Amino acid sequence: MARRLFTFVNTHTVIKAERFLRGAGVEVEVIPTPKGISSECGMSILVDEGQVREAFEVLKKGDLEVVKVYEWNGE
């Protein structure tokens, strides 16, 4: 299944985003930010393609800023 990689400004935001997303029923996986991706933070969140819109809504309500979202194929 296709997934999207959400990047954030810092680890604190990743942890808070994970808590908000899981609390809203969005399935997430926290992973180290891949080396080929420029990010200010060493952790990122993977979200299933079918839950991306819901994830954005949850993060917006929580006032959590996403730096960038990437297509993710697991490499």
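The values are calculated or read from the model by the stated rules, or taken from the named source; none is laboratory data. Every value quoted in this text rests on a predicted model; they were computed, and no experiment measured them. All Cβ positions, glycine included, derive from the backbone under ideal geometry; neighbour counts span all protein chains shown.
Observations on the model:
- Residues of segment 1-17 satisfying the condition of being free of Cβ contacts under 8 Å to residues at least 60 places away in the same chain and in a loop (DSSP other than H, G, I, E, B): 1, 8, 9, 10
- Residues that are surrounded by 14 or more Cβ atoms within 10 Å (Cβ to Cβ), outside any strand (DSSP E or B) and out of contact with any helix residue (DSSP H, G or I) (no Cβ under 7 Å at 6 or more places or on another chain) within segment 35-75 comprise 39, 51, 52, 54, 56, 67, listed in sequence order.
- Hey, residue 48 charged (D, E, K, R) and out of contact with any strand residue (DSSP E or B) (no Cβ under 8 Å at 6 or more places or on another chain) or not: no
- The requirement of being at pLDDT 95 or above and in contact with a Cys (Cβ under 9 Å, 6 or more places away or on another chain) is not satisfied by residue 33.
Listed here are the residues, each with its yes/no results for (1) over 12 Å from the mean Cα position of the chain (by Cα); (2) touching a residue at least 60 places away in the same chain (Cβ under 8 Å); (3) more than 19 Å from residue 19 (Cα to Cα).
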position	(1), (2), (3)
35	yes, no, yes
38	yes, no, yes
45	no, no, no
59	no, no, no
70	no, yes, yes
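- For the condition closer than 16 Å to residue 71 by Cα, modelled with pLDDT of 95 or more, surrounded by 13 or more Cβ atoms within 10 Å (Cβ to Cβ) and not polar (S, T, N, Q), residue 28 qualifies.
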